Amino acid sequence: MLTLRRFQTLLDSYGADVGRWPEETRSAAQALLQSSGDARALQEEARELDDMIAAAGAHEEQSRWRTGEQDVAMARLRARVSARIARPTGTYHLRWVGFATTGAFAVIAGLMIGALYESGQAGQGALAPLLQPSAFTILEN
Amino acid sequence: VEGLRVGDSAICGESVASPKAYGDAPDAVLVGWSAKGDRRAFDEIVIRHGPFALRVATRLIPDRRAAEDVVQEAMVRAWSQAAHFDAGRARFTTWLYRIIVNLCIDQRRRVQPEAIPEHFDPADPAAGAPEIIEAVERDATLAREMARLPVRQRAAMTLVYDEGLSGAEAGRVLGLSAKAVERLLARARAYLREVMLPKQEQEEIRRC
């Protein structure tokens, strides 16, 4: 059972074409249309706006796509997509090789700094000159 | 029908040179092949869904060149995310619509669309009766107003009115409930009614 109020709400959203409405409301809407003159009047009113929207859509379509232009746009789209999807495999892998190399360098650099720090702390070893005058010494004083 | 394309898979970098009926294959199968690197399968998807993608994008983004770029980007994303497509969860078209519409929404948020000029495709006075000219001008005015709608309202209208999706399907594309789509549609129609019907009524009064 569909109330006239709900019918109006659905009209205000989906327009006069009941085929566009949520499936579970369609048969109730048809029944209401058969029994209620008010419902039919509301539908007619909504149809007026529907027709205007459809005409404006068609006009917009025609203005945007002149004859043959859509075919040209499609050909362009196929060519460009095809070129782009052919490219990524290589660049994608290269990008990961780049990331991996940078990461490996970062890890090695981190280990070296750690080693320098350790040897500096443990008796001012062979690497000690590299650390002097170091922040560690300054901080210790 | 595209028919069998024996050996195309080899051109496309596939290791198994099996014959494939690209033209007959359902979308989900083409996406599966695409996920394995079959570019010919993906080209079939572009052929099949490119026209609707262009149609939807040009309705949401008035600048046609920008709309074409968005569709191109959407297709490349669909290719790179093909392995994540789950045919059990969504139809391919819903999945592709979602990519396209989201990119259009992002694009519209980044760039304010250029308003369609006042004399966008004016009626040619030599073309016919004054009624025809009036109708063409009215359509142009409404097209301008439709382009001014917030992008989500416009997207809901495009999906439900032009592409024939149900409210629930449009909701899945937009990441909204069916009720929310209903509200977007209602707001869009209310605006268009307010803008258009009084003008038409005024014209009728003037004619009388």
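Quick look at the numbers
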| read-out | value |
| --- | --- |
| Amide proton proximity set for B:L165, modelled H, under 5 Å, gap of 5+ | B:V160 |
| A:A104 paired with B:A83, simple spin-label distance in nm, labels 7 Å along Cα-to-beta-carbon | 2.2 |
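We did not get these values from a lab; they are worked out from the coordinates using the rules stated. Model, not experiment: these values are computed from the prediction. Neighbour counts run over all protein chains shown; Cβ positions are idealised from the backbone, glycine included.
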